[in-house]
Amino acid sequence: MALKKLPGLIDVHVHLREPGATQKEDFYTGSRAAVKGGITFMIDMPNNPTPTISIERLDEKVELSKKGLCDIRFHFGTNGKNLDELPKAAARPEVFGLKIYCNHTTGEMLIDDPVLLQGVYSSWPVGKPILVHAEGEQLAQAITLATTHGQRLHVCHITQASEVEMVRDAKKNGLSISAGVCPHHLYMTGEARERLKGFAVMKPPLGTPEDKAALWAGLADGTIDMVETDHAPHTRAEKEQENPSFGVTGLETSFSLMWKAVQDGLITEERLIEVMYSAAKKIFNIPEQEDTYIEVDSEATWVVGEGGYETKANSSPFEGMELPGKVMTVVIRGKKVVEDGSIVG
Ligand code: DOR
Ligand code: ZN
């Protein structure tokens, strides 16, 4: 055993489904999946069946999330019509950003009316980032809006080579912009759909081999700032049906997939810590978790799915893959949550 001590990892993009879709996940099971994967702090998205677009809904989530084994915080949501709530939400310490959906996906939160978008960008107090689900043309529009309104912009789950170029240019032009990439987009391309069927269906969809190469290059050169899982659990039935629900799980596999990238020489170990911890901490102004760390067995390997899953979704697009790096210990504020690879907290 070769134990390596690392900081508790951060994931700024997860869908924990509570309230409203707890057949897919809840705060407790989602947090079990997180700590199993070495994540001690995560930020939940607002696209619940009843979206997190009011302070009342936010308060409800804050209460429900207290059963989590790790720290769970929130991104606020908008339908373009809750402008009065935005400054109130931005002032809350549990809120780390505002999520805008500029493309269709799970939930009913798409905003494509430019007038509504203008309202949102002008009503969100400058400071905490605006996060966008914005593919292709929508990303170009988001960059323009963020520039006009002096907002910090975080590009969620960047997928296409052209989007990496847009972020690179925006950074050169001095815009306060960051980008996150998902392990599934780093490791898979559209071809995986033949093999994995519904388990390879998500938004944004898997890209081309050229897109994938651009993502790795962007992650290595700093254009892409962080890894975010977009952990989006759905039941197996929902993934196996004719029109599969969008989204794949990610919390239990992200560290090992990135550790594999270190072993394969795609990124350095220092870069792994940046993209899974320090960058998120800095960009989202995440407070220090005192006396919090993880220990990984850097030489051990494990097979995805072999010991079951913690996520209620009970699946992974990486099922059957042998991965290096096993999370053996998780300590959060001095309290052991994972010991010898098993959840104890
Ligand atoms: O694949 C996805 N699933 N992409 C999203 O943007 C939303 C997510 C979900 O909530 O299911
Ligand atoms: Zn998402």
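The values are calculated or read from the model by the stated rules, or taken from the named source; none is laboratory data. Quantities reported herein were computed from a predicted structural model and do not represent experimental measurements. In this analysis, Cβ positions are derived from the backbone assuming ideal geometry, glycine residues included, and neighbour counts consider all displayed protein chains.
Could you list, in sequence order, the residues of segment 32-64 that are out of contact with any Lys or Arg (no Cβ under 8 Å at 6 or more places or on another chain), touching a residue at least 24 places away in the same chain (Cβ under 8 Å) and outside any loop (DSSP other than H, G, I, E, B)?
Scanning segment 32-64 gives R32, A33, A34, V35, K36, I39, T40, E60, K61, V62, L64.
Given (1) within 18 Å of D11 (Cα to Cα); (2) surrounded by 18 or more Cβ atoms within 10 Å (Cβ to Cβ), where does N285 come up short, assuming only one miss?
(2)
Would you confirm whether or not segment 175-188 contains a residue that is over 19 Å from the mean Cα position of the chain (by Cα), over 19 Å from V248 (Cα atoms) and away from ligand 1 (no atom under 16 Å from the Cβ)?
So in segment 175-188, the residues over 19 Å from the mean Cα position of the chain (by Cα) come out as 175-176.
Imposing the further condition that a residue be over 19 Å from V248 (Cα atoms) reduces the set to 175-176.
Narrowing the set further to residues that are away from ligand 1 (no atom under 16 Å from the Cβ) leaves 175-176.
Yes, segment 175-188 has at least one match.
Would you check if D297 is of a type outside the set (S, T, Y) and touching a strand residue (DSSP E or B) at 6+ places or on another chain (Cβ under 6 Å)? Even if it seems obvious, please write down each step before you answer.
On the way: of a type outside the set (S, T, Y): yes; touching a strand residue (DSSP E or B) at 6+ places or on another chain (Cβ under 6 Å): yes.
Spelling it out, D297 is indeed of a type outside the set (S, T, Y) and touching a strand residue (DSSP E or B) at 6+ places or on another chain (Cβ under 6 Å).
Considering segment 93-128 alone, what residues qualify as being in a loop (DSSP other than H, G, I, E, B) and within 15 Å of ligand 2 (Cβ to nearest atom)?
We begin by selecting, within segment 93-128, every residue in a loop (DSSP other than H, G, I, E, B); these are 93-94, 102-109, 111-113, 124-128.
Passing the criteria: C102, N103, H104, T105, T106, G107, E108, M109.
Tell me which residues, restricted to segment 1-19, are surrounded by 14 or more Cβ atoms within 10 Å (Cβ to Cβ) and either modelled with pLDDT under 95 or within 16 Å of ligand 2 (Cβ to nearest atom) (or both).
As a first pass, look at segment 1-19 and keep what is surrounded by 14 or more Cβ atoms within 10 Å (Cβ to Cβ): 4, 6-19.
Scanning segment 1-19 gives I10, D11, V12, H13, V14, H15, L16, R17, E18.
Considering each of L83, L64, L116 in turn, give the residue that is more than 24 Å from M202 (Cβ to Cβ), more than 16 Å from ligand 1 (Cβ to nearest atom) and surrounded by 17 or more Cβ atoms within 10 Å (Cβ to Cβ).
So the residue among L83, L64, L116 that is more than 24 Å from M202 (Cβ to Cβ), more than 16 Å from ligand 1 (Cβ to nearest atom) and surrounded by 17 or more Cβ atoms within 10 Å (Cβ to Cβ) is L64.
Pairs please, first residue from segment 305-326 and assigned to a strand (DSSP E or B), second anywhere and modelled with pLDDT under 95, Cβ atoms under 7 Å, 6+ apart in sequence or on different chains.
From residues that are assigned to a strand (DSSP E or B), there are no pairs.
What number of residues within segment 117-135 are touching a Pro at 6+ places or on another chain (Cβ under 8 Å) and on the phi > 0 side of the Ramachandran plot?
0
Can you name every residue in segment 220-235 that is surrounded by fewer than 24 Cβ atoms within 10 Å (Cβ to Cβ) and among the charged types (D, E, K, R)?
D221
Look at segment 119-155 and say how many of its residues are in contact with a strand residue (DSSP E or B) (Cβ under 8 Å, 6 or more places away or on another chain), of a type in the set (G, A, S) and within 16 Å of ligand 1 (Cβ to nearest atom). Give the derivation first.
Initially, segment 119-155 is screened for residues in contact with a strand residue (DSSP E or B) (Cβ under 8 Å, 6 or more places away or on another chain), giving 120-121, 124, 128-134, 138-139, 142-143, 146, 151-155.
Add one more test, that the residue is of a type in the set (G, A, S), and what stays is 134, 142, 146.
In the following step, the residues that additionally are within 16 Å of ligand 1 (Cβ to nearest atom) were identified as 134, 142.
Summing the residues that are in contact with a strand residue (DSSP E or B) (Cβ under 8 Å, 6 or more places away or on another chain), of a type in the set (G, A, S) and within 16 Å of ligand 1 (Cβ to nearest atom) in segment 119-155 gives 2.
Please tell me if G320 is at pLDDT below 95 and in contact with a strand residue (DSSP E or B) (Cβ under 9 Å, 6 or more places away or on another chain). Steps first, please.
Values: at pLDDT below 95: no; in contact with a strand residue (DSSP E or B) (Cβ under 9 Å, 6 or more places away or on another chain): yes.
Answer is no for this residue.
Give the residue, chosen from L251, L266, that is buried (at least 20 other Cβ atoms within 10 Å of the Cβ) and aliphatic (A, V, I, L, M).
Working: L266 fails: buried (at least 20 other Cβ atoms within 10 Å of the Cβ).
It is L251.
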